[in-house]
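Data first, discussion second: the structure below is written as structure tokens.
The values are calculated or read from the model by the stated rules, or taken from the named source; none is laboratory data. The model shown is predicted, which means the values in this text are computed figures rather than measured ones. FYI the Cβ positions are ideal-geometry reconstructions off the backbone, even for glycines, and counts take in every protein chain you see.
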Amino acid sequence: MGDRRLWLIDAGYLFNARHSVAQGFKFNYAKLRKKLEESGEIWRAYYLNSTPSPPTDAQDDFHKWLRSAPPMGPKIITKLYEMKEERGDKSYCECCDEKVMLACPNTSKKAGVHRLCNQVQKGVDVGLATLALIHKDNYDTLILSSGDSDLLDAIEHLSENGKRIELAVFHLGVASELQSRADKIHWIDDFSAEVAQ
């Protein structure tokens, strides 16, 4: 089989962590894939993200580009999950050591109480772990672009069973537990100029 490499991407992580390079830094997935393939060809790549329903036209166009084969795009399979809403009327105050109520400043007797909510990414971590385990007989090296320690059990299982683990991440927001189990870390910050948009 040689060294078959699987690249799993937590798009929310890369989007948020990219600011460790510079505020507003943007990277190109085709350039990033090409850079990672300097260490060996990537057998398959998956991009997992949560999007609003329905996704915007710009998001649809971006996802079509991701799926396009070279030279038009980076040939990355996309798996999209719907954003979930969570109540946003309470938050934890570190100073008070308790949950406090939040309220919209535009609430009035006439308009009534405004319902506060946050849209959150759900399903991506489970999807990443599932893909890593489903394909375990098809690859030698897992390249993971995520900083989430929720993936630790799956990563430990794969590592203990002979899989090489590499991270392709930014300096920001990578759990030390993941770092300690990686055989190699591709710090995107260190070659950001090569993958910049």
(request) Please list, ordered by first then second residue, the pairs with beta carbon atoms under 8 Å, 6 or more apart or interchain, first in region 48-59 and surrounded by 14 or more Cβ atoms within 10 Å (Cβ to Cβ), second of a type in the set (A, V, I, L, M) and assigned to a strand (DSSP E or B). (result) LEU48/LEU8; LEU48/ILE9; LEU48/LEU80; ASN49/LEU80; SER50/LEU80; SER50/VAL120; THR51/LEU80; PRO55/LEU80
(request) Kindly list, by first and then second residue, each pair from a residue in region 12-30 that is farther than 20 Å from VAL124 by Cβ to a residue that is polar (S, T, N, Q), limited to pairs with Cβ atoms under 6 Å and residues at least 6 apart or on different chains. (result) VAL21/SER192; LYS26/GLN197; ASN28/GLN197
(message) Here is a list: ILE165, ILE134. Which entry is without any contact (Cβ under 8 Å) to a residue 12 or more places away in the chain and either more than 21 Å from LYS31 (Cβ to Cβ) or polar (S, T, N, Q) (or both)?
(response) ILE134
(message) When you check GLU85 against the structure, is it within 20 Å of GLY127 (Cα to Cα) and acidic (Asp, Glu), yes or no?
(response) yes
(request) Might you check whether a residue that is of a type in the set (Val, Ile, Thr) and in contact with a helix residue (DSSP H, G or I) (Cβ under 6 Å, 6 or more places away or on another chain) occurs anywhere in region 38-61? (result) yes
(request) Could you tell me which residue of region 6-28 is nearest to the chain's Cα centre (by Cα), considering only residues that are buried (at least 22 other Cβ atoms within 10 Å of the Cβ) and of a type outside the set (A, V, I, L, M, F, W, C)? (result) ASP10
(request) Being closer than 13 Å to SER145 by Cβ, at pLDDT 95 or above and touching a Pro at 6+ places or on another chain (Cβ under 8 Å) narrows it down to one of TYR46, TYR29, so name that one. (result) TYR29
(message) Which of the numbered conditions does LYS26 fail, given that it passes all the others? Conditions: (1) out of contact with any Asp or Glu (no Cβ under 6 Å at 6 or more places or on another chain); (2) under 25 Å from THR141 (Cα atoms).
(response) (2)
(request) Among the numbered conditions (1) free of Cβ contacts under 8 Å to residues at least 12 places away in the same chain; (2) within 18 Å of the chain's Cα centre (by Cα); (3) exposed (fewer than 14 other Cβ atoms within 10 Å of the Cβ), tell me where TRP65 comes up short. (result) (3)
(request) Could you tell me which of the residues ALA154, ALA175, ALA103 is over 22 Å from SER20 (Cα atoms) and surrounded by 12 or more Cβ atoms within 10 Å (Cβ to Cβ)? (result) ALA154
(request) Only one of these is modelled with pLDDT under 90 and within 24 Å of ASP148 (Cα to Cα): SER53, SER91, SER108. Name it. (result) SER91
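Being of a type outside the set (A, V, I, L, M, F, W, C) and over 23 Å from the mean Cα position of the chain (by Cα) is the filter here, so list the residues in region 101-136 that pass it. Show your work before the answer.
Going residue by residue through region 101-136, those that are of a type outside the set (A, V, I, L, M, F, W, C) are 105-110, 112, 114-115, 118-119, 121-123, 125, 127, 130, 135-136.
PRO105, ASN106, THR107, SER108, LYS109, LYS110, GLY112, HIS114, ARG115, listed by residue number.
Enumerate the strands (runs of 3 or more DSSP E) found wholly within region 112-194, keeping only those where 3 or more residues are over 16 Å from ILE42 (Cα atoms). Give the derivation first.
Values: elements: 117-120, 141-145, 164-169, 184-187.
So the answer is 117-120.
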